[in-house]
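Visitor: Structure provided below as structure tokens; questions to follow.
The values are calculated or read from the model by the stated rules, or taken from the named source; none is laboratory data. Nothing here was measured: the structure is a model prediction, and the numbers come from that model. Counting neighbours? That spans all protein chains shown, and the Cβs are built from the backbone with ideal geometry, glycine included. The accessibility values were calculated without ligands, DNA or RNA, using every heavy atom of the protein model including side chains. Shrake-Rupley method; radii C 1.70, N 1.55, O 1.52, S 1.80 Å.
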Amino acid sequence: MVQPIIDIQSISKCFGDLTVLDNLSFQVAPGEKLALIGPSGSGKTTILRVLMTLETLTSGHVLIEDEQLWHMERGGKLVDADETHLHKMRNSIGMVFQHFNLFPHKTVLENVTLALRLVRGVAKKQADERALELLDLVGLADKRDQKPASLSGGQKQRVAIARALALEPKIMLFDEVTSALDPELVDEVLNVMRRLGEETDMTMLLVTHEMGFARDFADRVLFFDKGRIIESGPPEQIFTDPQEERTRTFLRKVLSAGVSRAESAAVAI
Amino acid sequence: MEWDWNFAIKTLPVLGEGVLVTIQATVLGSVLALALGLVFALMRRSQNKLVSRPTSFFLEFIRGTPLLVQLYFLFFILPDVGILLSPLVAGVIGLGLHYATYTAEVYRAGIDNIPRGQWEASKAVNLTAPQTWQHIILPQAIPPMIPALANYIIAMFKETPLLSAITVLELMNQARSISNFHYRYLEPMTLVGVFFLLISIPSVYFLRRLERKYSPHYK
Ligand SMILES: Nc1ncnc2c1ncn2[C@@H]1O[C@H](COP(=O)(O)OP(=O)(O)O)[C@@H](O)[C@H]1O
Ligand SMILES: [Mg+2]
């Protein structure tokens, strides 16, 4: 593999007695589209949250472009990162949440410009222009002055994507971004993601239950269970010829439960 | 005892001076209670236990002791350790500090009501903690708090007569000195009551409107 953009080295995460990530290691190549699948509670969200620095590690190291995420060097020794270091590291990472988490008191446009203005210090005019380009990309430029409450779930999630794109992160994390949506609104969000995949060289990690989309979109699929990687490989292999019994059981369950949904996604491709 | 209009009218200029002091104490006390309450709430939420624990203890201590006792400490006992406050300053500090412990509780509840996702989204777009407070948390948390905060300000207003105990020449104190001087309590005390009603009743209506405006149930 070329120099990885994300290098996860033996990380563990415990909540009290519960081990959620169990000595986990994997790497992600620059520009790679990686799908994380697995049963509920297997730790997929926690991985993304660790990368977004929303959740601390119990042990292990994460490198982003060869730089420690959760640690920093002090006098030749690795110590826990301080807020300044984390702030710097967050610049290259963006995240889209299952429940959107838009800022409800701000307009659609302000949701997107906020970070540009506060974090990057971009002037209002330029920030507005940039935000409108991004809203255009997600097809919502005409909603610029509305508040999030007046949007549909699919529209909210597209605004959230535009907001995350504003700082031009090299890595984007998508945590089940369609699972809170009504079925008929799923495609508009997946289409935006597809477009991002085609038009940018961003590294994208997505946790998803949309197996049809994962299969079409991802370069590589990781199957998780109980905080470990059980199996990984290109989507054709994972979805048609899984090597592990647990993967087969999982896929049989989700595919039979969501067959119509997965297929409609596959057709939309 | 009969109502004496002449006497009532004669007392008005002096009572008027008292009204001004009462309003002054309420306004300054409110500003202090609102600002200090926010500081207390933030200190109490601090990750640093050396900050949050003593703050918590201090708030319980103030809430658990009567305002009158605190006023006595501020005005009669602090001078023993070399801190001399004028009656009005001691009174404003007393009111502000006491009510700040209540507004702190309102702020705390309001801040806790903001979903965790708002903090996380702020972090994901790399806002700093002060930016998150200023642009995301407080603008959402404060409007629903307004009715409760206004309620405490009205309560504080009705407690200003306590300041007469530390010689502040507010309305109650003026009324009492007129009464004592003329041996007539009916007119001055009635006028004090009327004044408080004149302010309180519209305040309560105003409060209802605030509640309707900011309460999520009415939206
Ligand atoms: N803050 C937390 N405190 C305690 N347990 C948690 C916390 N966050 C997640 N967990 C637990 O960690 C496990 C993995 O959660 P998660 O990463 O959300 O799984 P997934 O996204 O694969 O469904 C679950 O059992 C969940 O209950
Ligand atoms: Mg999850």
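Visitor: Let me know the mean shielding of A:90-99 by other chains, meaning the per-residue number of their Cβ atoms within 10 Å of its Cβ.
Guide: 3
Visitor: Along the positive direction of the dipole of chain B (beta-carbon charges: Lys, Arg +1; Asp, Glu -1; about the Cα centre), which of B:PHE73, B:ALA100, B:GLY16 reaches farthest?
Guide: B:ALA100
Visitor: Give the peptides A:109-119, A:193-203 in descending order of average Cβ contacts within 10 Å, highest first.
Guide: The most tightly packed comes first, giving A:109-119, A:193-203.
Visitor: Count charges around B:GLU2 for me, please; just the other residues with Cβ under 11 Å from its Cβ, Lys/Arg as +1, Asp/Glu as -1.
Guide: Residues near B:GLU2 contribute -1 overall.
Visitor: Considering only protein heavy atoms, with the full assembly of protein chains and a 1.4 angstrom probe, order A:TRP70, B:TRP5, B:TRP133 by accessible area, largest first.
Guide: Ranked list, largest accessible area first: B:TRP5, B:TRP133, A:TRP70.
Visitor: Please report how far the C-alpha centroid of segment B:62-79 lies from that of segment B:1-57, rounded to the nearest whole angstrom.
Guide: A separation of 14 Å, based on Cα centres.
Visitor: Subtract the Cα-Cα distance of A:SER10 and A:ALA180 from 0.36 nm times their separation in residues, and report this length gain in nm to one decimal.
Guide: Contour length minus Cα-Cα distance gives 58.0 nm.
Visitor: Using packing as a proxy for protection, rank B:163-170, A:122-129, A:8-15 so that the peptide with the highest average count of other Cβ atoms within 10 Å comes first.
Guide: B:163-170, A:8-15, A:122-129
Visitor: Before rounding to the nearest 500, sum -39500 (n - 2.57) across all DSSP H runs of length at least 4 in chain A and divide by the residue total; then give [θ] at 222 nm in deg cm²/dmol.
Guide: Rounded to the nearest 500, it is -12000 deg cm²/dmol.
Visitor: Please arrange B:SER30, A:SER25 by accessible surface area, largest first, computed with a 1.4 Å probe and ligands excluded.
Guide: A:SER25, B:SER30
Visitor: Under a Cβ-only charge scheme (Lys and Arg +1, Asp and Glu -1), can you give me the dipole magnitude of segment B:113-219 about the Cα centre, in debye to the nearest 20?
Guide: 340
Visitor: If I ignore ligands, DNA and RNA and count only protein heavy atoms, how much of A:ARG144 is accessible to a 1.4 Å probe, in Å² to the nearest 10?
Guide: Its accessible surface works out to 80 Å², give or take rounding.
Visitor: How much accessible area does B:LEU207 have with a 1.4 Å probe, in Å² rounded to the nearest 10?
Guide: 10
Visitor: Using R₀ = 41 Å, calculate the FRET efficiency as 1/(1 + (r/R₀)^6) where r is the Cβ-Cβ separation of A:THR249 and A:THR58; round to 0.05.
Guide: Once the sixth-power term is evaluated, E becomes 0.90.
Visitor: If you don't mind, there's one more thing I want to ask. Assuming R0 = 45 Å, what is the FRET efficiency of A:ASP145 and B:HIS182, from their Cβ-Cβ distance, to the nearest 0.05?
Guide: With a Förster radius of 45 Å, E is 0.10.
Visitor: Taking every residue in B:114-124, how many Cβ atoms of other protein chains lie within 10 Å of its Cβ, on average?
Guide: Mean shielding count: 6.
Visitor: With charges only on Cβ, +1 for K and R and -1 for D and E, what is the dipole size of the protein assembly as shown about its Cα centre, in debye, rounded to 20?
Guide: 1120
Visitor: Please give me the summed charge of the neighbours of A:THR240: other residues whose Cβ is under 12 Å from its Cβ, Lys and Arg +1, Asp and Glu -1.
Guide: Taking every other residue near A:THR240 into account, the sum is 0.
Visitor: Could you please put B:PHE57, B:PHE206, A:PHE100, A:PHE174 in sequence from largest to smallest accessible area, using a 1.4 Å probe?
Guide: The most accessible residue leads, giving B:PHE57, B:PHE206, A:PHE100, A:PHE174.
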